[in-house]
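All remarks here apply to the structure that follows.
Only the coordinates and a few stated rules stand behind these numbers; no lab work does. Given the structure is predicted, the values throughout are model-derived calculations rather than measurements. A quick note on method: Cβ atoms are made from the backbone with ideal geometry, for glycine too, and the neighbour counts reach across all protein chains shown.
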Amino acid sequence: MSEVPAHLDADPAVRMPALAALRQQCPIAPPVADGRPWTAVSHEAVETVFREIYTFGGSAGSTGLDEDDTSIAGILEPRHAQIRRIINAVVAFHKSQQIEPFLIDLSHRLVAEYATASAAAGPKGVDVMPIAVDPVPPNAMARLVGFPAADAARYYSWADQVGAAFAAAAAEGRSISMAEAVPEFTQYVDDRIAARLAMPEVDWPQDALTRFLTTEIDGVRLSSRAIRVQILFMIGAGSETTRNLIGSALYRLALDPALYASVRTDRSLIDGVVEETLRIDAPAQFLVRRCLADTVLTGQELHEGEHVMISLSSANWDDTIFPAPETFDIERETLRQHVAFGSGPHICPGASLARLEARSLLNAFADRFDRVEPGAGYSFDHAAHGMLHGPHTLRLVVHEAGER
Ligand code: HEM
């Protein structure tokens, strides 16, 4: 048997048919080998695992780590809800909305740079990801957290390391701490925390870092180590996923000239494009939970200590909820029933920020370009491993208003 089973393959052309075959067989697929996780593949099974937090706990290999080394996604109740309140406060809808003018301005500047780069390009086009897409999420995160914008470009290689280390650990049912996965990034965040603590508290700016440092849980502030892991996780969770969402949405629009034309004239359609991209191209493909007790999930007995992989992409392509799941349809009735942001108490707190970033860039694109199409010879260039999904590179050809 190959090391990576087909339903976890990095290539979506292999992964999605394998998941469809599993859904035909059962809502939860058995482990491919001893010690490997079960895989929840139906929408119902995935929703149930998300909701039943007292039966399915922890996340991507967080078992057995010290609480101060465990990211919010892996922390159990009641502490999860306590830390979650801080995170909700710093990325809440109204906080995200406050950076909308910044995002709109940034998007227009990046799209202008892309227009310049494209002007000299031939029919092969130019990769849009490094020029116009990649800078958006880390800059948004830096602004939100209160870190220097100049360092934001470094988040990706760190987030890549986190993704790869956690994918490897999760596939083996193993635990790994952030400090182990990304020592350099950990040191960077430690240094930012130390610099803030060295300032008089009255001078601390009103940002996420200050909120983490000053909020008390049961009368006690969080330790620097506990804050470090949550900030590392937030930056990791908000960067690669969101760039994948924006890249996938641009690709879907480039494949459908009529849809792009409609979006240009009616910008209210952008919300539907973003939701349907989240469904069909779930940026986070799977997560892992541990059974905290013996249980029965959609008819299958599971035992305490066993791991369950939650396939978000499979749930999002479950044809009992999403008829013709391989079709990109922004008018489907069940548009918002996707689980790309998870569900239940751990549902993504950054969802409104991610949607806002995507909306800002798609609007800037539509403002500037009449037509967008894939570059000659481009075929979907998928992410390096099966945990995240999005275009690694995306060569587009763009036509500015007035061009023929
Ligand atoms: C398209 C972009 C994004 C996608 C697809 C996404 C997806 C997800 C998913 C599926 C979860 C649930 C994890 C679980 O149940 O274990 C989650 C949780 C989380 N996300 Fe996002 N996310 C995105 C953007 C963001 C952004 C921009 C931020 C930061 C502001 C963020 C921060 C978090 C945090 C802190 C959690 C943990 C919540 C908890 O466990 O209570 N995410 N995200």
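Assorted remarks:
- Relative contact order for segment 21-127: 11 percent, from Cα pairs under 8 Å spaced at least 6 residues apart, divided by residue count.
- Taking the Kirkwood radius as Rh and the Cα radius of gyration as Rg, segment 136-205 has a ratio of Rg/Rh equal to 1.07.
- Amide H contacts under 5 Å for F286: L312, restricted to partners 5 or more places along the chain or on a different chain, H placed in the peptide plane at 1.01 Å from N.
- Gyration tensor (alpha-carbon) shape descriptor, segment 90-213, a/c threshold 1.5: oblate
- Mean projection area, nm², convex hull over Cα of segment 264-318: 5.0 nm²
- Per-residue packing, averaged as other Cβ atoms within 10 Å, sorts the ranges 301-310, 350-359 into the order 350-359, 301-310, beginning with the highest.
- For A121, distant residues with modelled amide H under 5 Å away: none
- 14 Å beta-carbon shell around G342, net charge (K/R +1, D/E -1): +3
- Modelled spin labels at A195 and S157, positioned 7 Å past Cα toward Cβ, are 1.9 nm from each other.
- Under the criterion of Cα pairs below 8 Å and six or more residues apart, the relative contact order for the chain equals 28 percent.
- Hydrodynamic radius of segment 218-269 by the Kirkwood approach over all distinct alpha-carbon pairs: 14.2 Å.
- The calculated Kirkwood hydrodynamic radius for segment 5-76 is 13.8 Å, given to one decimal from all distinct C-alpha pairs.
- Theoretical ellipticity at 222 nm over the chain - DSSP helices of four or more residues, -39500 (n - 2.57) apiece, nearest 500: -15000 deg cm²/dmol
- P(r) tail fraction, segment 332-372 - alpha-carbon pairs more than 13 Å apart, %: 66 percent
- Pairwise FRET efficiency - A121 versus E3, Cβ, R0 = 41 Å, nearest 0.05: 0.60
- Net charge of the neighbourhood of F365, taken over other residues with C-beta under 12 Å away and scored Lys/Arg +1, Asp/Glu -1, is +2.
- Cβ-Cβ FRET estimate between A164 and S379, R0 fixed at 35 Å, reported to 0.05: 0.90
- Three principal axis lengths of segment 33-123 [C-alpha, angstrom, descending]: 55, 38, 29
- Calculated log₁₀ intensity ratio I(q)/I(0) where the Debye formula runs over C-alpha points of the chain, q = 0.07, 0.10 Å⁻¹: -0.32, -0.67
- Size descriptors for segment 274-354 (Cα atoms only): Rg and Dmax, in that order, 14.3, 41 Å.
- In this rough spin-label picture, where each label sits 7 Å from Cα along the Cβ direction, the E304-D367 distance is 5.8 nm.
- Net +/- balance of residues flanking S311 in space, Cβ distance below 13 Å, scoring K and R +1, D and E -1: -1
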